[in-house]
Amino acid sequence: MSVPTLIWFANHHEHSLHYLKFGLMQLARQGDIRLEERPTATAEGWLSADLRNRHYRRIVLLGLQWRGQRRLIAVDGEDSPFQLSDLIECVDRYYTCTYCPLLYEDHQFSFSLPWQNEVEIRPYLERFEQLVSRYGDHFSKVRPWAPIGPDLESTWPLRSWGRQKLANLRHKLQMRCTGTVDWRPQFERFSARWSAIKGLRTLEPTLDVVLLDTLWGWPRHRIDLHQHLDYLASQGYAIRSRLSYRQPESYELGNATAPDPAIFPMQVGEPISGNYEQLLSASRLGVFATGFHYGWRSIVTLAWALGLQTLQDSFNYRFLFDAAPFYQSLGPAGWNGLASRLDQARVAPRTERRCRWNRFDQEASAECVAAKVLDQIYAELF
């Protein structure tokens with residue numbers, strides 16, 4: 001039986017989709033698919049001139065060729081469904097990390113959070129109505145995949161100077177002869193990075209919460225969180241957090257007063273220096289305000305991969321795996337319910353964290369979600 005050929009049309013802003021790319025690389029190494037990587041700008045025969053020359057932002061196109069047929073798929077790595085791309089109009093399937101059933105299936109607005117008022121909701125309701133009006137006829141193409149994964153590019157060199165020069169030469173020759181990119185060096189970096197992430201799982205928790213955050217996406221909600229963390233620290237909880245200033249947009253403020261830049265950064269406990277991911281792994285609970293305007297944050301996915309239970313704003317997204325074991329939503333008490341969650345985390349057996357990361361590896365690893373995406377495409381389009 002022929003092996004499907006999948007082409008990853010690379011662009012310069014695809015980092016939020018590297019988790020899927022890593023999974024596809026793993027499937028290719030196993031012989032399940034034939035994976036090619038081609039720069040989007042040189043994809044004649046597959047993409048129109050408009051698609052080859054356009055600016056891409058946190059989205060990639062995939063070409064799948066099998067049994068004499070071709071299909072074009074978009075994978076959206078934006079952190080909010082309100083950033084839906086017009087590429088939905090020209091593809092066979094549109095995968096997104098923020099798949100909201102009530103939006104794509106029922107055309108209903110279901111994003112508002114318990115603490116929000118009408119003024120804060122109004123800009124997003126207007127945007128929602130625009131999306132439904134313009135793209136609603138294409139919503140049947142949309143499918144869920146997985147939340148944005150952690151950054152997978154290694155930050156340390158994996159090769160000597162000589163080996164890197166040889167790799168650069170091979171890259172130029174392959175591009176000249178075949179028009180494709182050798183994805184194996186990037187696979188090496190992804191593999192090394194993932195091994196380093198898994199190595200953090202062995203750290204013993206010495207902190208209750210560590211949070212490095214910026215004032216973006218509803219400032220008053222983030223300020224409330226950090227003020228509550230400061231209060232918990234005064235009650236004896238081991239907290240280290242820092243909230244840095246960012247100039248908010250007017251629609252982020254709702255009817256609240258703009259925060260005074262002079263009070264930032266807001267810091268609780270010892271300064272956060274060195275490896276933030278290492279500190280997160282040594283925490284008992286991951287605590288996160290919502291992503292960028294009803295969005296998703298890659299640091300939350302990293303916490304799940306580390307085996308941390310997370311406390312976060314409720315979300316209305318569906319993934320290709322069951323997310324319920326990995327998180328707890330804010331209840332009616334909001335951040336005031338954090339102390340009881342921390343008390344539970346302090347007495348939870350270490351085996352619970354191990355069970356969560358094992359489940360993550362079995363259901364939500366890069367290879368697993370890539371295989372689920374392809375299986376769905378095969379079943380629906382071929």
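The values are calculated or read from the model by the stated rules, or taken from the named source; none is laboratory data. Bear in mind that the values here come from a model prediction, so they are computed numbers and not experimental data. Here the Cβ positions follow ideal geometry from the backbone for every residue, glycine too, while neighbour counts run over all protein chains shown. Areas reflect the complete protein model, heavy atoms only, side chains present, ligands, DNA and RNA absent. Shrake-Rupley method; radii C 1.70, N 1.55, O 1.52, S 1.80 Å.
General observations
- Residue list for segment 55-77, restricted to those being open to solvent by less than 20 Å² (accessible area, probe 1.4 Å) and either modelled with pLDDT under 95 or of a type in the set (Gly, Ala, Ser) (or both): Gly63, Ala74, Gly77
- Looking only at segment 203-222, and only at residues there that are closer than 10 Å to Ala289 by Cβ and among the hydrophobic types (A, V, I, L, M, F, W, C), the one that is farthest from the chain's Cα centre (by Cα): Trp218
- Restricted to segment 31-54, and to residues there that are over 18 Å from Leu17 (Cβ atoms) and polar (S, T, N, Q), the residue that is surrounded by the most Cβ atoms within 10 Å (Cβ to Cβ) is Thr42.
- Residue in segment 291-305 that is in contact with a His (Cβ under 6 Å, 6 or more places away or on another chain), open to solvent by less than 40 Å² (accessible area, probe 1.4 Å) and assigned to a helix (DSSP H, G or I) present: no
- Extreme residue, nearest to Glu14 (Cα to Cα), among residues of segment 105-120 that are in contact with a Gly (Cβ under 9 Å, 6 or more places away or on another chain) and open to solvent by 10 Å² or more (accessible area, probe 1.4 Å): His107
- Residue that is nearest to Pro123 (Cα to Cα) [pool: residues in segment 230-267 that are under 25 Å from the mean Cα position of the chain (by Cα) and open to solvent by 60 Å² or more (accessible area, probe 1.4 Å)]: Tyr251
- Among the conditions (1) modelled with pLDDT of 95 or more; (2) hydroxyl-bearing (Ser, Thr, Tyr); (3) not in a helix (DSSP H, G or I), the only one that Ser273 does not satisfy is (1).
- Taken over segment 337-382, the criterion of being surrounded by fewer than 16 Cβ atoms within 10 Å (Cβ to Cβ), within 26 Å of Arg143 (Cβ to Cβ) and not acidic (Asp, Glu) is satisfied by Gln362, Tyr378, Ala379, Leu381, Phe382.
- The set of residues in segment 17-45 being of a type in the set (Gly, Ala, Ser) and under 17 Å from Trp145 (Cα atoms) consists of Gly23 alone.
- All of Trp304, Trp335 fail the test of being in contact with a helix residue (DSSP H, G or I) (Cβ under 8 Å, 6 or more places away or on another chain), closer than 26 Å to Thr202 by Cβ and aromatic (Phe, Trp, Tyr), apart from Trp304.
- Filter pass, Tyr99 being touching a Pro at 6+ places or on another chain (Cβ under 7 Å), hydroxyl-bearing (Ser, Thr, Tyr), closer than 26 Å to Leu253 by Cα and surrounded by 13 or more Cβ atoms within 10 Å (Cβ to Cβ): yes
- All strands (runs of 3 or more DSSP E) inside segment 33-92 with 1 or more residues being farther than 22 Å from His138 by Cβ and touching a helix residue (DSSP H, G or I) at 6+ places or on another chain (Cβ under 6 Å): 34-39
- Cβ separations smaller than 9 Å between residues 6+ apart or across chains give no pair from segment 231-249 residues that are closer than 11 Å to Leu342 by Cβ and without any contact (Cβ under 8 Å) to a residue 24 or more places away in the chain to residues that are open to solvent by 70 Å² or more (accessible area, probe 1.4 Å) and part of a helix (DSSP H, G or I).
- Entry remark, segment 52-73: residues being under 15 Å from Glu380 (Cβ atoms) and either aromatic (Phe, Trp, Tyr) or touching a Ser or Thr at 6+ places or on another chain (Cβ under 8 Å) (or both) number 3 in total.
- Any hit, segment 82-94, residues being of a type in the set (Ser, Thr, Tyr) and either farther than 28 Å from Glu363 by Cβ or surrounded by 17 or more Cβ atoms within 10 Å (Cβ to Cβ) (or both): yes
- Any chance Leu320 is modelled with pLDDT of 95 or more and either in contact with a Lys or Arg (Cβ under 6 Å, 6 or more places away or on another chain) or part of a helix (DSSP H, G or I) (or both): yes
- Some residue of segment 224-239 being in a strand (DSSP E or B) and modelled with pLDDT of 95 or more: yes
- Residue list for segment 187-229, restricted to those being in contact with a strand residue (DSSP E or B) (Cβ under 9 Å, 6 or more places away or on another chain), open to solvent by 20 Å² or more (accessible area, probe 1.4 Å) and not hydrophobic (A, V, I, L, M, F, W, C): Pro205, Thr206, Thr214, Gln227
- Checked across segment 168-179, the condition of being modelled with pLDDT of 90 or more and either on the phi > 0 side of the Ramachandran plot or surrounded by fewer than 16 Cβ atoms within 10 Å (Cβ to Cβ) (or both) holds for no residue.
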